[in-house]
Structures are given as structure tokens and as C-alpha cells.
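*Asks:* The structure follows.
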Amino acid sequence: MQLMSEKGAAGGGLRERKKRATRAALAEAAVRLAAEHGAEKVTVEAISATAGVSVRTFFNYFDSRDDAFVVIDADAGARMRRAVLDAPADLPPLAALREAMAAELAEAEQQHELWRLHAEVLHASPHLLARGVGAHMAAEADLAEAIALRLRGDGGTGGDGPGLYPRLLAAVAGAAVRTSMDHWSAHQEEAAFLDVFHEVFTLLAAGLPAPST
């Protein structure tokens, strides 16, 4: 899942906020059109018209039509990486990653429908799904690198990559987000999404103890 956060878009200057808003509008238009008509039938012209911008503006944000379907918010990974690196030094790596992800997921309940459509669009098109998996793996690798840097070398940052612990932590955190979203989607009336999200990370921090019977 590629994250999108209005909170993240609230940062930066007016010009940067406008750029993020335009990119978000284009991505949402692409996903909604693809969900309705099929990605193969959606043109750059249709996406641009729906978002209220020119085709030239579209290509200021995306290199190709398919890019608009695959990554909803290309800046989310960079924001999370920076949040992990800037978190208080005494915060454990799992907690730092939890807070970085929570900031991006603050509007998850409002964005849920768009994320659901995004998943449907990717799964309906094998080549888009493959690109989506690749984008997810790249984002996960970037988070692992940030965790390794935060550990000041304890996790290993040599030629073999960030090391086992940072890679495992980034992968587990990604699985935790997906599990939180899946569970909340099936039980929306029982708890807010962020409550489910924090419960999942609490279980991780505790070492995944078996629930009491």
C-alpha cells in the first residue's frame, strides 16, 4: 500500500502544498477512472481533465500514465524516512517507525475508500500489480536504510545493505500496517483505525505474546 496523508501535505510552503495537492488530485482521478473503466481504457487526457489540469501539468508530476495508477503519494516514503531519523534518540526503533507510520496514516479512515479502489486497480492489472509490488519493496528498503542509520551502524550499513535487523523491522512494520487495515476494514464499527494500528504495534513491542484464553 502506498500511503497518502493530508497531514503530510500540510507541511512546507504554499508552493509545496499546492504541488502536493495537484499530485494527489491527479492520482485520485487516475485511480477512480481506472476503477470505473479499467486502467487500460483511461487516458492521460481523461485523468488531467478530471483533475482540472493540463496534460502538460500531468507530465510535471508523472513520467507515464501508469505511474499515476501505481504510486498515490511518492513523497510518503521520504517523509517516513526523515521522521525515523529525526525521532528522539531514546525512542526504540520500533516506536520510531510506529510514530512515523502513524503520522502518514492519520487520515486512514477518510482515505480508506481510495486505498480500496487503488488495491482493486492494481490487482485487476498484472503489470500494474508488479510495479506496485516493486514500489512497495523500494519503500521498504528505504525504511530499512533509515533504521540502520538511526542505529548508528549497529544494524550494519556496509556493502551488503542495511543488515538483518533493519530489514526485518521494516518488513514486519509493513505487515503490521496491512494487518491493521485488513482488521479495521472488517470491524470498522468496533474501533478507530489508529486504535487498531497502535494495538498491533503494542503486540509487536511485547514480542507477540499469545492471547489469554
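The values are calculated or read from the model by the stated rules, or taken from the named source; none is laboratory data. On a predicted model such as this, the values are computed, not experimentally measured, just so you know. Here the Cβ is made from the backbone with ideal geometry for all residues, glycine too, and neighbour counts use every protein chain on show. Heavy atoms of the whole protein, side chains included, go into the accessibility calculation; ligands, DNA and RNA do not. Shrake-Rupley method; radii C 1.70, N 1.55, O 1.52, S 1.80 Å.
*Asks:* State yes or no: is residue 109 more than 12 Å from the chain's Cα centre (by Cα), at pLDDT below 90 and either aliphatic (A, V, I, L, M) or under 18 Å from residue 200 (Cβ atoms) (or both)? First the steps, then the outcome.
*Replies:* Working: more than 12 Å from the chain's Cα centre (by Cα): yes; at pLDDT below 90: yes; either aliphatic (A, V, I, L, M) or under 18 Å from residue 200 (Cβ atoms) (or both): yes.
Taking the combined requirement at face value, the residue satisfies it.
*Asks:* Can you name the residue in the stretch 5-26 that is farther than 18 Å from residue 118 by Cβ and not in a helix (DSSP H, G or I) and is also modelled with the lowest pLDDT among such residues?
*Replies:* Applying the filter and picking the extreme gives 10.
*Asks:* Please go through the stretch 32-68 and pick out each residue that is open to solvent by less than 20 Å² (accessible area, probe 1.4 Å), in a helix (DSSP H, G or I) and touching an Asp or Glu at 6+ places or on another chain (Cβ under 9 Å).
*Replies:* Result: 34, 39, 58.
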